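Worksheet: the structure to be examined is printed underneath.
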Amino acid sequence: MKSNLGIGQFNKGKINNEDWIPEDGLSYINNLSGQSNGRFAYYTPDVGYDFLRSSDYKVGGFIGWTYYGQSSDSTGCMQVANPLYSCLTSGDSRIIGGEDTQWNAPRIGVSAETMLTERWRLNADVAYLPWTGFKGRDYHLLRDMTTFDEQRGNGGGGVQIEGVLSYSITKNISVGVGGRYWAMWTKKDSDSLCSSSGCVGAPRILAKYSMERWGTFFQASYKFDSKS
C-alpha cells in the first residue's frame, strides 16, 4: 500500500475569462484577472503488487484513487480584446469572482524502483485514469445581479506521472527531490448550468473541462524496522 497527501496555498496567477455573446453585440470578449487566496489539496491511495523483484530493483502494478480540489479568488479585471466592453480601471484589484473545482478518478498504473548506487534510489510511477468525475462552481460578482454557474462532468480520462530521486542518509532515513505531472479532462458534452437566481430560465450549455498541474517537490521519509 502507498498513499500521498498534500495541501498548499498560492497567491499568484492569471485567469482569462473568454465569452462569445452575439445577442449583446459582443462577439468576443477576453477579461484578464489575477488570482489570490488560492488553496489546493490532493490525495492518492494505492494498492499494488511487485511482479518483478531483486536486490537492486522492483517493478509492480497498482490500482487506486486520486482526488484533487482547488479554490481561488479572481482579482481585478482588464479587457484585452473588445474595447466596447468595459471592465475595471487599471489598479483596481477588488475581488470580482472565484473558482471552486473538485476532481475524482480511479487510477491504474505501473511503479518501478531501482538502486543507482548503495545510497541513491530512483522511483517512477505512471498512472492512467480511465474515467474522471468533475464538479465546479464559477462565481461572478461584478454583474448587476451576483451569479454563479454550476459545472459538472464525467467520462474523459487522464494521466499522472511522478519520479523521485532519493538519498539514504541512514538505513531508515532518506531525503529526495521529485517531479510530477497530472492531467485530467472530461468528455466534450459535460454540463455548465447557470444555477443562481439571476440565471433562471438560462439555456443549458455543453462544455469540456480539463486541468494540468506540474511541478517539483522535496520529501523526507523514515522507514520503520519490522520485528517478528
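Each reported figure results from applying straightforward, stated rules to the coordinates on display, with no laboratory input. Keep in mind that this is a model prediction, so the values were computed, not measured. Virtual Cβ from ideal backbone geometry, glycine too; neighbours counted across all protein chains shown.
Structure above, values below:
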quantity: Exposure proxy order (Cβ contacts within 10 Å, fewest to most) of Lys58, Lys12; calculated: Lys12, Lys58
quantity: Read-out Cα Rg over 2.2 N^0.38 Å, derived from the coordinates shown; its label in (i) 1.29; (ii) 1.08; (iii) 0.98; calculated: (i)
quantity: Distance in nm between pseudo-label sites at Tyr57 and Ala183 (7 Å out along the Cβ direction from Cα); calculated: 2.6 nm
quantity: Total lysine pairs whose alpha carbons fall under 24 Å of each other in region 58-208 (8 or more apart, or interchain); calculated: 6
quantity: Among Phe134, Phe148, Asn123 the positive-end extreme of the charge dipole of region 1-151 (Cβ point charges); calculated: Asn123
quantity: Dipole in debye (nearest 20) - the chain, about Cα centre, beta carbon charges: Lys, Arg +1; Asp, Glu -1; calculated: 900 debye
quantity: Alpha-carbon centroids, region 122-168 and region 19-96: separation in whole Å; calculated: 8 Å
quantity: Residue-count net charge about Ala81 - beta-carbon cut-off 11 Å; Lys, Arg +1, Asp, Glu -1; calculated: -2
quantity: Mean separation of Cα contacts under 8 Å (6+ apart) over length of the chain, as relative contact order %; calculated: 13 percent
quantity: Pairwise FRET efficiency - Ile169 versus Thr146, Cβ, R0 = 45 Å, nearest 0.05; calculated: 0.25
quantity: Residues Met115 and Leu32, FRET efficiency given R0 of 45 Å [Cβ-Cβ distance, rounded to 0.05]; calculated: 0.40
quantity: Proximal charge balance of Gln35 [Cβ under 9 Å; K/R count +1, D/E count -1]; calculated: 0
quantity: Aspartates and glutamates with Cα under 15 Å of Lys2, excluding same-chain neighbours fewer than 8 positions away; calculated: Asp46, Asp50, Glu113, Asp125, Glu162
quantity: Sum of side-chain charges, Trp65 neighbourhood, beta-carbon under 9 Å (Lys, Arg +1; Asp, Glu -1); calculated: 0
